[in-house]
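Have a look at the structure below, then the notes.
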Amino acid sequence: MNRLFSVVFKCNLVILLALTSFMSWAQSNALPENYPNKTIKIVVPFSPGSASDILARALGERLNAAWGQSVIIENKPGAGGTIATAMVAKSDPDGYTLIIVSTGHVVNPSIYKNLSYDTLRDVIGVAPIANFPSVLVIPALAKEKNLKEFVEYAKQNPGKLNFVSGGTGSGSHMSAEKFILNAQIQAQHIPLKGAPEMAVEVASGRAQFGFMPIVSALPAIRSGQLRALAVTTEQRSSALPDVPSISEAGEPGGLFNFWIGLLAPGKTPPAIIQKLNVEIAKIVQTPEMKSRLATLGAEPMLMTSAQFDAYMALEFKTMGAIIKAANIRLD
């Protein structure tokens, strides 16, 4: 009898512990009552006027309209976004402190040593917002009329070509390095401050090519200063319908997505992440937001939070491999 009692007691204890554990998990992952019920802060790791800043403010306006809570934008630029990300990673995981990041988020661990946060654990994906297609441009006076001719020219002049970017580790830099590695050509990197300087250097012929955001390159393409050879997306861009995709042009290895998305501290309850994800998906599909994105040369991105996390993990590996192969270092 004592033995039977002991067995029953142990079974009940196991069940009780399991129920306690489940209840604790359920409580920690349940949506807090009335979330959100106070001001939400979106941190932007770049200066006012940047694409990330513009999207953060557009998103904040629409979250405010949907939920009736204030959304403030805090610009905290510096060190490629790592300062802002470190701050958010250490914030309370309550859904009230979020951060807008870009492709640079998954580049930073490979070029900045000893980061104070884990890129894939201490901040997690809420939702992607948009993809910004880029375009490969060369001087309008160049003899090469298409991408095939340009790659052949580059191979005949190894190491003699210069390419520009918006800075070491930027999307324009990583896009160019990926193309260079896959096309098996050689070129010297000239980091600049941003797209306007890139357009000037390529148009003048001081640099032979660069990968620029379509919206930034359009004025110089339309004015006849730059020649567009290919866009970096799988499909052609509606902004440049006569320019082939890089796959169509014969270099599928040059596909590159420059994306912007929203993250939260790593231990934010899944229910909060889910509510944010659903609302953001609604926002990016509204005609008003699609129109705002189009003016930036961007396209909406839709993923669940789990899909976004998986996407960033893959991007982290891809960017790391490019950085290692190209021996990219901060000056």
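Give region 148-201 a look and list any residue that's of a type in the set (Ser, Thr, Tyr), in contact with a strand residue (DSSP E or B) (Cβ under 6 Å, 6 or more places away or on another chain) and surrounded by fewer than 20 Cβ atoms within 10 Å (Cβ to Cβ), or say none.
Selection gives THR168 alone.
Any idea which residue in region 240-264 is surrounded by the fewest Cβ atoms within 10 Å (Cβ to Cβ), counting only those that are touching a residue at least 24 places away in the same chain (Cβ under 8 Å) and more than 21 Å from the chain's Cα centre (by Cα)?
GLY250
Of all residues in region 265-309, how many are part of a helix (DSSP H, G or I) and under 15 Å from the mean Cα position of the chain (by Cα)?
Looking only at that region, the number is 5.
Only residues that are under 19 Å from GLU288 (Cα atoms) and surrounded by fewer than 19 Cβ atoms within 10 Å (Cβ to Cβ): list them for region 61-95, please.
GLU61, ASN64, ALA65, ALA66, TRP67, GLY68
Of everything in region 131-140 that's in contact with a Phe, Trp or Tyr (Cβ under 8 Å, 6 or more places away or on another chain) and assigned to a strand (DSSP E or B), which residue is surrounded by the fewest Cβ atoms within 10 Å (Cβ to Cβ)?
Checked region 131-140; the qualifying residue surrounded by the fewest Cβ atoms within 10 Å (Cβ to Cβ) is ASN131.
For region 103-121, does any single residue satisfy the condition of being in a strand (DSSP E or B) and in contact (Cβ under 8 Å) with a residue 12 or more places away in the chain?
no
Within region 287-299, identify whether any single residue is at pLDDT below 95, closer than 30 Å to GLN186 by Cβ and in the same structural domain as ASP92 (by TED's automatic domain parsing), and answer yes or no.
Yes, that holds for at least one residue.
When you go through LYS282, LYS324, LYS267 one by one, which is the residue that is surrounded by fewer than 16 Cβ atoms within 10 Å (Cβ to Cβ), in contact (Cβ under 8 Å) with a residue 40 or more places away in the chain and closer than 27 Å to ILE190 by Cα?
Just one listed residue meets the conditions, LYS324.
Taking the condition of being in contact with a Phe, Trp or Tyr (Cβ under 7 Å, 6 or more places away or on another chain) and within 10 Å of THR82 (Cβ to Cβ), how many residues in region 110-125 meet it?
1
I'd like to check something: does region 107-123 contain any residue that is surrounded by 22 or more Cβ atoms within 10 Å (Cβ to Cβ) and in contact with a strand residue (DSSP E or B) (Cβ under 9 Å, 6 or more places away or on another chain)?
Yes, there is a match, as at least one residue in region 107-123 is surrounded by 22 or more Cβ atoms within 10 Å (Cβ to Cβ) and in contact with a strand residue (DSSP E or B) (Cβ under 9 Å, 6 or more places away or on another chain).
Do you know which residues across region 251-264 are small (Gly, Ala, Ser) and assigned to a helix (DSSP H, G or I)?
Matches in region 251-264: GLY253, GLY254.
Collect the residues in region 218-237 that are touching a residue at least 24 places away in the same chain (Cβ under 8 Å) and surrounded by fewer than 17 Cβ atoms within 10 Å (Cβ to Cβ), keeping them in residue-number order.
GLY224
Here are some residues: LYS148, LYS143. Which one is modelled with pLDDT of 95 or more and either assigned to a helix (DSSP H, G or I) or among the small types (Gly, Ala, Ser) (or both)?
Exactly one residue qualifies, and that residue is LYS148.
The values are calculated or read from the model by the stated rules, or taken from the named source; none is laboratory data. Only a predicted model underlies this, so the values are computations on that prediction, with no experimental measurement involved. As a convention, Cβ positions derive from the backbone with ideal geometry for all residues, glycine included, and neighbour counts pool all protein chains shown.
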